[in-house]
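A.B. asks: Okay, handing you the structure first.
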Amino acid sequence: SAVISQKPSRDICQRGTSLTIQCQVDSQVTMMFWYRQQPGQSLTLIATANQGSEATYESGFVIDKFPISRPNLTFSTLTVSNMSPEDSSIYLCSVGGRAIEQYFGPGTRLTVT
Amino acid sequence: KNEVEQSPQNLTAQEGEFITINCSYSVGISALHWLQQHPGGGIVSLFMLSSGKKKHGRLIATINIQEKHSSLHITASHPRDSAVYICAAKETSGSRLTFGEGTQLTVNP
């Protein structure tokens, strides 16, 4: 199993600012995923972060808006840049692979005012 | 049409009732996940299935690969089971998860 922690757990930010969310895993993992869950919606994959390479972004998400770092096999950050109220969501990091369980962090609840 | 569909969207039950949540998918999968999300937002993985049936405590998950259908059952439901239950299909082409819309379960005492 994998235990994932995220910081911060929640934040209220002003529009135009940026927030960096940290994700720490208690074991080394190859693939880490960042998801967004807008109010009342299901999860949407933002990007896949592999250590040692650029993150792979899904359609509708760009690196300038959501830069990701993956400096080692247990840690990743997601930055939400130049925030607007539409970015108010829960952001979750997750680890998993092709034939293994998927584990999720506790989420970061972001409110942009 | 969503690639992963759940029913019902909302479910209210009395404590002790047997509960079933259904999930149908149209993509080829390597595994089907059932997840539980509490109001705080955190998600817990309940099951990962590629065939047959799994049981953990009062929870049972089944999958029929031919029919592309999975069910999550909760026996002797309890108010603490109140949460959103999400099925997610892991596609055979990689590690991507496709999520259903979720089922909001409320169990009343």
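A.B. asks: Taking the Cα centre of chain A as origin, sum charge times position over the Cβ atoms of Lys and Arg (+1) and Asp and Glu (-1), and report the length of that vector in debye to the nearest 20.
C.D. replies: Rounded to the nearest 20 debye, it is 140 debye.
A.B. asks: Something else: Please arrange A:ARG109, A:ARG36, B:ARG58, B:ARG80 by how many other C-beta atoms lie within 10 Å of their C-beta, fewest to most.
C.D. replies: Working: A:ARG109 17, A:ARG36 20, B:ARG58 14, B:ARG80 9.
Placing the least packed residue first, the sequence is B:ARG80, B:ARG58, A:ARG109, A:ARG36.
A.B. asks: A further question follows. Shielding of A:103-109 by partners, i.e. mean partner chain Cβ atoms within 10 Å per residue?
C.D. replies: Mean partner-chain Cβ count within 10 Å for A:103-109: 4.
A.B. asks: Can you put A:PHE75, A:PHE33 in order, fewest other beta carbons within 10 Å first?
C.D. replies: A:PHE75, A:PHE33
A.B. asks: What number results when the radius of gyration of chain B, computed over Cα atoms, is divided by 2.2 N^0.38 Å?
C.D. replies: 1.01
A.B. asks: Using a Förster distance of 22 Å, how high is the FRET efficiency between B:ASN64 and B:GLU3, based on the Cβ-Cβ distance and rounded to 0.05?
C.D. replies: Calculated transfer efficiency: 0.80.
A.B. asks: For B:LYS68, go through the aspartates and glutamates and keep the ones whose alpha-carbon is under 14 Å away, minus same-chain ones fewer than eight residues off.
C.D. replies: B:GLU3, B:GLU5, B:GLU91
A.B. asks: Most fluctuating residue of B:GLY42, B:GLY28, B:GLY16 in a GNM of chain B with Cα springs under 10 Å: which is it?
C.D. replies: Checking each option, the largest mean-square fluctuation is seen for B:GLY42.
A.B. asks: What does the convex hull of the alpha-carbon atoms of chain A project to on average, in nm²?
C.D. replies: 6.6
A.B. asks: In addition: Unpartnered cysteines of the protein assembly as shown (Cβ-Cβ under 4.7 Å counts as a partner)?
C.D. replies: Within the protein assembly as shown, the cysteines lacking a partner Cβ under 4.7 Å are A:CYS13.
A.B. asks: So, in nm, how far is label A:ASN72 from label A:ARG15 when the simple model puts each one 7 Å beyond its Cα toward the Cβ?
C.D. replies: Those two pseudo-labels are separated by 4.0 nm.
A.B. asks: Sticking with this structure for a sec: Please tell me the relative contact order of chain A in percent, rounded to the nearest whole number, where contacts are Cα pairs under 8 Å and at least six residues apart.
C.D. replies: That works out to 37 percent.
A.B. asks: Moving on to the next point. Quick one: A:ASP64, A:ASP26, fewest Cβ neighbours within 10 Å first, how do they rank?
C.D. replies: Starting with the residue having the fewest Cβ neighbours, the order is A:ASP64, A:ASP26.
A.B. asks: Next question, about the same structure. Could you tell me the calculated FRET efficiency between A:GLU86 and B:SER93, based on Cβ-Cβ distance and R0 = 30 angstrom, to the nearest 0.05?
C.D. replies: 0.50
A.B. asks: Fully extended, how many nm does the chain gain between A:VAL3 and A:SER53 (0.36 nm per residue separation, minus their Cα-Cα distance)?
C.D. replies: Values: separation 50, 0.36 × 50 = 18.00 nm, distance 2.34 nm.
The span from A:VAL3 to A:SER53 would gain 15.7 nm if fully extended.
A.B. asks: Ok, one more. Can you list, bin by bin at 5 Å, the percent of alpha carbon pairs in the protein assembly as shown, starting at 0?
C.D. replies: Binned Cα distances yield the sequence 1, 7, 15, 18, 19, 16, 12, 7, 3, 1, 0.
A.B. asks: To the nearest 20 debye, what is the magnitude of the charge dipole of the range A:3-64 about its Cα centre, counting +1 on the Cβ of each Lys and Arg and -1 on the Cβ of each Asp and Glu?
C.D. replies: 240
A.B. asks: Here's a follow-up. With only Lys, Arg, Asp and Glu charged, each at its Cβ (+1 for the first two, -1 for the last two), find how big the charge dipole of the protein assembly as shown is about the Cα centre; round to the nearest 20 debye.
C.D. replies: Computed about the Cα centre, the dipole is about 280 debye.
Each reported figure results from applying straightforward, stated rules to the coordinates on display, with no laboratory input. This one's a predicted model, so the numbers in the text were calculated from it and none came from an experiment. Note: ideal-geometry Cβ built from the backbone for every residue, glycine included; neighbour counts use all protein chains shown.
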